[in-house]
Each structure stands twice: as structure tokens, then as C-alpha cells.
Amino acid sequence: MTRPGPVRRVVTGHDDDGRAIILSDGPAPNVFASELIPGFGATVAWQTADGPIDFVTDDDPASASVPMPRFPGPGETILRIAVFPPDEAYPDDAADAVFREIDGEAERDAAQGSDTARHFWFHRTDSLDYAVVLEGEITLLVDDGEATLGPGDVAIQRATSHAWSNRSDRPARVLFVLIGTEPQSAEEIAAARRARATAGSRG
């Protein structure tokens, strides 16, 4: 299966006089291509660590030599463009193969309460994720419901268990901005919601 071409990345910065300049313009170098699933891959165009954002140095936090980041920790961000092939491209043991290859077993395990029989991609991360479909069509599944998105559609994924299903016959390309948050389980969120509702009814 043909994977979409490289992601062009333009990075700006400043010179020593404070003038805005183009630091680089070319294919984003931090690329992952699956060895197990034809057409599955991702490009990390940028990432930031927890704390103040560095506008002074010209260091590239997403160079080819930087290990492909998995998911952001609290306060960290990742800009990732992922390519999802049609579901039929995945092997029978996709649930194990995919998460083993991306080192995402912990995220898969965090979604154990979800109906993984619906789709092998179910996982959960401690992050706020903005997802924008660039090309193709993909369906976002959650525990109770689903939504199919096309080019230009946006999903706001708020630390929920979820899966991405490509039911079409061509790749889907999705841009993600992942913002790491402090760990909070679904059970903790539910308890906080119940406590807030109880407090509101008393008021």
C-alpha cells in the first residue's frame, strides 16, 4: 500500500538581531514506518518539554536522531501526523502487534474497561488531543458511540478510551496535537463528576 508522501516542515526562528527568519524548510525528519503493517506510520514534526518554551536556541527537538516519542508526559506536547491504513491491512494479531511496535502496551492496558472486541486500537492516554483529519476518512470510537470524520473535521479527545478505525479502502492522514496532562483515571473523573453533581444539588 502506498503511504502518503513526506510532511513538509517549515520552522521559524530569530537571528542575533531579533529578526524573524526561516530556520529550515524541508521534509520533517522524525519518521516512523511500520515494519509489520503496510501503510501504517507517523511523522513527529515538533515536540516540547514540560516548562518554558525555548525560543532562543535553534535545537531541533524532532530531528532524525531524536527517538520517536510515544505519548507526552504532563506539560509536554507532541505534533504528530499519523497515517492509518484501511483496517483490512492490519494482521490478525493487530492488538498485540501494533502496541508492541509503538511501545504502547501501557496505553492499551489503560483501556481495559473498553469493549476491545469492537476494535483492536482501543487505548487511553493522559492527554488532551486535538485531531484534524487531513486526508481520507476515519472513525473515532469511544465506549458509548462513534463519529466518522473527513477532511477538515476536528476531534477533541479528552483522556478517554478510544480507537481509530479506517473502514475505507484508502489511507487516512490525521494531524494530532497531543498535550500531556497529569494522570487521572476514568474512575477518578467519574467520581469527581458525581461529587460535583451532588454538590450542585445541595446548593
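Could you check, for the range 12-29, whether at least one of its residues is within 21 Å of residue 99 (Cα to Cα) and either among the basic types (Lys, Arg) or touching a strand residue (DSSP E or B) at 6+ places or on another chain (Cβ under 9 Å) (or both)?
Filtering the range 12-29 down to residues within 21 Å of residue 99 (Cα to Cα) leaves none.
No, every residue in the range 12-29 fails to be within 21 Å of residue 99 (Cα to Cα) and either among the basic types (Lys, Arg) or touching a strand residue (DSSP E or B) at 6+ places or on another chain (Cβ under 9 Å) (or both).
Would you tally the residues in the range 80-100 being out of contact with any strand residue (DSSP E or B) (no Cβ under 9 Å at 6 or more places or on another chain) and either charged (D, E, K, R) or open to solvent by 60 Å² or more (accessible area, probe 1.4 Å) (or both)?
5
List every residue pair whose Cβ atoms lie under 9 Å apart, where the two residues are 6 or more positions apart in sequence or sit on different chains, the first residue falls within the range 14-31 and is of a type in the set (D, E, K, R), and the second residue, located anywhere, is surrounded by 10 or more Cβ atoms within 10 Å (Cβ to Cβ) and in a strand (DSSP E or B).
Matching pairs, first to second residue: 15/21; 25/8; 25/9; 25/10; 25/11.
Checking the structure you have, find out if any residue of the range 4-12 is outside any loop (DSSP other than H, G, I, E, B), within 30 Å of residue 90 (Cα to Cα), modelled with pLDDT of 95 or more and open to solvent by less than 30 Å² (accessible area, probe 1.4 Å).
Start the filter on the range 4-12 by keeping residues that are outside any loop (DSSP other than H, G, I, E, B), which leaves 8-12.
Subsequent filtering for residues that are within 30 Å of residue 90 (Cα to Cα) retains 8-9.
From the residues that got through so far, the ones that are modelled with pLDDT of 95 or more too are 8-9.
Add one more test, that the residue is open to solvent by less than 30 Å² (accessible area, probe 1.4 Å), and what stays is 9.
Yes; the residues of the range 4-12 include at least one that is outside any loop (DSSP other than H, G, I, E, B), within 30 Å of residue 90 (Cα to Cα), modelled with pLDDT of 95 or more and open to solvent by less than 30 Å² (accessible area, probe 1.4 Å).
May I ask you to verify whether residue 175 is in contact (Cβ under 8 Å) with a residue 60 or more places away in the chain and either aromatic (Phe, Trp, Tyr) or assigned to a strand (DSSP E or B) (or both)?
Numbers: in contact (Cβ under 8 Å) with a residue 60 or more places away in the chain: yes; either aromatic (Phe, Trp, Tyr) or assigned to a strand (DSSP E or B) (or both): yes.
Yes.
How about the range 129-172: which of its residues are assigned to a loop (DSSP other than H, G, I, E, B), touching an Asp or Glu at 6+ places or on another chain (Cβ under 8 Å) and either without any contact (Cβ under 8 Å) to a residue 40 or more places away in the chain or closer than 17 Å to residue 108 by Cβ (or both)?
Those that are assigned to a loop (DSSP other than H, G, I, E, B), touching an Asp or Glu at 6+ places or on another chain (Cβ under 8 Å) and either without any contact (Cβ under 8 Å) to a residue 40 or more places away in the chain or closer than 17 Å to residue 108 by Cβ (or both): 143, 150, 151, 159, 160, 161.
The values are calculated or read from the model by the stated rules, or taken from the named source; none is laboratory data. Here the structure is a predicted model, which means the values were calculated and not measured. For neighbour counting, all protein chains shown are included, and Cβ atoms are generated from backbone atoms with ideal geometry for every residue, glycine included. Ligands, DNA and RNA are excluded from the accessible area calculation, which covers all protein heavy atoms including side chains. Shrake-Rupley method; radii C 1.70, N 1.55, O 1.52, S 1.80 Å.
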